[in-house]
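One structure is given here, and the rest of the page talks about it.
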Amino acid sequence: MTGQQRETLLDLGHDPLKAGISHRFIDGIFINTPAWHHANDSRDIIGSCRQPKCGGLLQAIDTHTENKITWYAAECLNCGHEVTAPNGRVLARSSRLNEMPDGWWSRRIDTLRRLAKAGHTSEEAA
């Protein structure tokens with residue numbers, strides 16, 4: 001990813017810890033359909049890949065309907081990973097180990113150990 005492409009994503013308000021799709025293309029928890037179709041027609045970048053060690057650019061793919069579900073999808077131009085939104089609903093980011101940023105789980109475990117050592121419960125930390 002070039003510096004100019006990263007700046008473009010920052011201008012779009014992109015948060016790689018969320019869905020990988022720029023907030024410009026999301027309206028609440030749903031895809032902003034007009035913006036999505038405009039980006040698809042003009043082949044604009046809509047976000048960045050959230051796969052570990054990738055961070056490539058996402059580009060919208062044509063929507064298609066299958067079994068009464070309209071699929072909004074974007075494909076990473078680097079690794080080919082697809083991000084999907086069934087019926088336009090943006091799916092929440094997974095907390096699976098392989099999808100968290102580097103060091104996230106180890107920092108969480110260290111924090112919980114420190115809290116436990118200090119006598120705090122997990123409910124008090126929240």
Original post:
Out of (1) assigned to a strand (DSSP E or B); (2) farther than 16 Å from residue 22 by Cβ, what's the single condition that is false for residue 80?
Top reply: (1)
Subject >> Candidate set from the stretch 42-57 (those that are over 21 Å from residue 104 (Cβ atoms) and either touching a strand residue (DSSP E or B) at 6+ places or on another chain (Cβ under 9 Å) or touching a residue at least 24 places away in the same chain (Cβ under 8 Å) (or both)); member that is surrounded by the fewest Cβ atoms within 10 Å (Cβ to Cβ) >> reply: 43
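Condition test on residue 88, is it within 25 Å of the chain's Cα centre (by Cα) and at pLDDT 70 or above?
yes
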**OP:** Could you please let me know if residue 71 is assigned to a helix (DSSP H, G or I), outside the structural domain of residue 104 (by TED's automatic domain parsing) and either buried (at least 18 other Cβ atoms within 10 Å of the Cβ) or at pLDDT 85 or above (or both)?
**Re:** no
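The values are calculated or read from the model by the stated rules, or taken from the named source; none is laboratory data. No experiment lies behind these values; they were computed from the predicted model shown. Because the Cβ atoms are built from the backbone with ideal geometry, glycine has one as well, and the counts that use them run over all protein chains shown.
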